[in-house]
1. Taking just the alpha-carbon atoms of region 145-195, what radius of gyration and Dmax come out, in angstrom?
2. Could you check what % of the DSSP bridge pairs in the chain are antiparallel, to the nearest 5?
3. Run the dipole for the chain about the Cα centre, Lys and Arg Cβ at +1, Asp and Glu Cβ at -1, nothing else charged, and hand back the magnitude in debye, nearest 20.
4. In whole Hz, with x marking every Gly and Pro, tabulate ³J(HN,Hα) for region 67-76 from phi via Karplus 6.51 cos²θ - 1.76 cosθ + 1.60, θ = phi - 60°.
5. Before I look further, what does the chain give for accessible area per residue, probe 1.4 Å, in whole square angstrom?
6. Over the Cα atoms, compute the radius of gyration (one decimal) and Dmax (the largest Cα-Cα distance, rounded to a whole number) for region 232-378, in Å.
7. Quick one: plug the Kirkwood hydrodynamic radius of region 174-227 (C-alpha pairs) into Stokes-Einstein at 25 °C, 0.890 mPa s, and report D in µm²/s.
8. From the C-alpha coordinates alone, can you work out the Kirkwood hydrodynamic radius of region 182-285, in Å?
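The values are calculated or read from the model by the stated rules, or taken from the named source; none is laboratory data. Computed from a predicted structure; not experimentally measured. When we count neighbours, we look across all protein chains shown, and the Cβ atoms used for this are built from the backbone with ideal geometry, even at glycine. All accessible areas refer to the heavy atoms of the entire protein, side chains included, with ligands and DNA or RNA removed. Shrake-Rupley method; radii C 1.70, N 1.55, O 1.52, S 1.80 Å.
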Amino acid sequence: MATMPDILIMGGGAIGLAIALELRLRGANVTVVTRDAVEAASQSAAGMLAPQAEKLPPGPLLELCLQSRSLYPAWTQKLEAMTGLPTGYWSCGILAPVYETESAAKDAIASTTPDSPHPTPDSPLPTPAHWLDRPTIHQHQPGLSQSVIGGWWYPQDAQVDNRALTNALWAAVHDAGVEIRAGVTVQKVLHQQSQVIGVQAGEETLQAGHYVLAAGAWSQELLPIPVHPRKGQMLSVRVPTGAIALPLQTVLFGSEIYIVPRQDGRIVIGATSEDVGFVPHNTPAGIQSLLSRAIRLYPALEQFPIQELWWGFRPTTPDELPILGTSPYANLTLATGHHRNGILLIPVTAQLIADRILHQKNDPLLNAFHWSRFKGLP
């Protein structure tokens, strides 16, 4: 008879895998159940670590994201040392160009000077952000559209190759002794009063001492929490053969578009944001909108060969904040609803969730992401 694990994690995306790894490295016996890891949002993301370029307002989410960004260098270094696999972490900074027609640009020019904080003088971010005027930004990144009149430079924002990172996490949890139950669909969480007593998976009931729901956009199928899918279409192009060097050395975060160069010559372009449920596939309209915005920002892209098209589903809550920590059940912890910041929030989510489960340590920062804020929703 199989030994019941200490902890069962529902969800095999990057969040679930990172939590599993952290728990296992602290001595817990962990099982991960996943229906289809390819469906996970972590496979479809761009890998930006961009709390500043995203212009998150001051508050708990920004604090959580900045904390996680600070963990990334050491965390990915540890993961690479454990597995011998790359994660694609690159502290390339992020450049947010603005066009002459954007009122935000005019406001920025009128109210700021070079090297001033952002987003506002009375609530500056605790890390550097610099305004670059027109000559400076075009010198900083050649090839930008002539319509770009300036932009914000965020030197501490970064990127990771989300697919490489997920592959490294899979290898790490396997090597660490986490049991992976792939191709298993959980249909129901079974509970008695305030305790989860198991999860129904086909004809099988899986049991553990503690449970973690990290099922991303599919979380609402298992618990009545308001997490719904927000579809994102993406594509990649490749630097033409024969190029002497990468034409882009930083992420470009433009108006409804981002362009993420990988060090292997791949350039990721994203992403649409569509409230269409779980409707799959790329569409001509979605891809056309991405290409037109990307080429407007960086015109040379119109000659780059297209490499791949894909889509994914962000797990989104009504307030676009994650749901982290305690649940209505004493032995079930929530780690879902990360929306656009799933990849960024991996290290801090794993750390905080492991602290809570193994040491009953509830970081005060988790209070802002408690499930009970949605109690009044129908």
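1. 21.6, 63
2. 75 percent
3. On the way: 24 positive and 30 negative charges, 37 e Å.
In total the dipole reaches around 180 debye.
4. Listing the rounded values in order: 5, 5, 4, 5, 7, 4, x, 5, 5, 5 Hz.
5. Working: 16260 Å² over 378 residues.
Spelled out: the 1.4 Å probe surface of the chain, per residue, equals 43 Å².
6. Using the Cα atoms of region 232-378, the pair Rg, Dmax is 19.4, 59 Å.
7. Values: Rh = 12.5 Å.
Estimated via Stokes-Einstein, D reaches 197 µm²/s.
8. Details: mean 1/r = 0.0565 Å⁻¹.
Taking the inverse mean of 1/r over all distinct Cα pairs, region 182-285 comes out at 17.7 Å.
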